[in-house]
1. Mind checking the dipole of the range 7-244: about its Cα centre, +1 per Lys or Arg Cβ, -1 per Asp or Glu Cβ, Debye to the nearest 20?
2. Taking Cα pairs under 8 Å and at least six residues apart, what relative contact order does the chain come out at, in percent?
3. By how many nm would the segment from ARG237 to SER20 lengthen if fully extended, with 0.36 nm per residue of separation less the alpha-carbon distance?
4. How would you rank 28-36, 156-164, highest first, on the average number of other Cβ atoms within 10 Å across their residues?
5. Which of the three applies to the range 99-254, rounded, prolate or oblate, going by the alpha-carbon gyration tensor with a ≥ b ≥ c and a/c under 1.5 meaning rounded?
6. Which of the pairs LYS14/LYS214; LYS27/LYS214; LYS10/LYS49 have their Cα atoms more than 18 Å apart in this structure?
7. Excluding TRP190 itself, calculate the net charge of residues whose Cβ lies under 11 Å from the Cβ of TRP190, where each Lys or Arg counts +1 and each Asp or Glu counts -1.
8. Place the peptides 93-106, 170-183 in order of packing, highest mean first, counting for every residue the other Cβ atoms within 10 Å and averaging per peptide.
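Any read-out appearing in this document is the output of simple, stated calculations on the displayed coordinates, not a laboratory observation. Treat the numbers as computed from the prediction; the structure is a model and nothing was measured. In this analysis, Cβ positions are derived from the backbone assuming ideal geometry, glycine residues included, and neighbour counts consider all displayed protein chains.
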Amino acid sequence: MTETPLIALKRVTKVYGRGSTALSALKGVDLTIQAGDFVAIMGPSGSGKSTAMNTLGCLDTPTTGEYLFNGVHVETLSRDQRARLRRRFLGFVFQGFNLLARTSAQENVELPLLYRGESAAARHTAAAKALASVGLAGWEHHTPAELSGGQQQRVAIARAIVTEPAVLLADEPTGNLDTQRSREIMELLWGLNVDHGITVLMVTHEADMAAYAKRIVRFVDGVVESDQPNPNPTGLRKSVAVAEAQATQTVGSA
Ligand code: ADP
């Protein structure tokens, strides 16, 4: 028996507009994602990446075709049902961080829990834990303006994972960051994937960042042009290098 995939898009199309101005953004996308995968979505501008992410993120519905999330037909759900599914299972990270200014890191991270109606004490504990897990213990009371770009993206990631989502959807998460900060964010996403089992779907234009993923899907002109496993993800190479360095130290100090 094969396991139900976490995500399955089947012959998904998306047409914007009608009549002579109608534009086909997705032209029959098939994509299956198992729990625990880390997928980089690449492709030229206009190839349908954002439309696919909006569909996967339950923000928009296909014109035709099926979207199954854990076996549930998302295309048949009402707007409210999709919103509930989103709040329960999905976390979002954007290129521009999208934090509330003049609001502390702690309060930014608490926000999704506030929408869920959780108590102040539960929000507080969960947000502090999420901030610590992205390396920001001690920065809880800083506002975005007092944080670097890399730190702001860490706050955004903490906000995305505070609800313990099954899937993290990241739209060019390193697009506004320099190379070093970008690598740190990718290592963080790798850790969330490998250590916390969060499935990661990430749009990126940068081959170096896509190289962190376990699988690379390329969109061209509204279809999946290629879908390849990445046998040697950068994150894995780094974890192996760290383990080897630790083993050498242990042997050296014995
Ligand atoms: P990508 O993210 O790869 O740049 P998009 O999914 O944003 O691609 O866009 C795919 C196509 O759909 C483009 O031709 C774009 O202009 C069009 N498109 C995207 N969103 C809309 C919209 N809301 N209304 C009309 N056309 C859209």
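1. Working: 25 positive and 24 negative charges, 116 e Å.
Roughly 560 debye for the range 7-244.
2. Working: 468 pairs, mean separation 63.3, N = 254.
Rounded, it is 25 percent for the chain.
3. Details: separation 217, 0.36 × 217 = 78.12 nm, distance 5.04 nm.
My answer for the length gained is 73.1 nm.
4. On the way: 28-36: 16.9, 156-164: 23.6.
Per-residue Cβ counts within 10 Å, averaged per peptide and sorted highest first, yield 156-164, 28-36.
5. Working: a/c = 1.86, a/b = 1.24, b/c = 1.51.
Because a/c hits 1.5 or more and a/b fails to exceed b/c, the range 99-254 counts as oblate.
6. Numbers: LYS14/LYS214 27 Å; LYS27/LYS214 25 Å; LYS10/LYS49 16 Å.
Pairs exceeding 18 Å: LYS14/LYS214; LYS27/LYS214.
7. Working: positive: ARG183, LYS214, ARG237, LYS238; negative: GLU184, GLU187, ASP195.
Spelling it out: positives minus negatives among the neighbours equals +1.
8. On the way: 93-106: 16.7, 170-183: 18.9.
Top to bottom by mean Cβ count within 10 Å: 170-183, 93-106.
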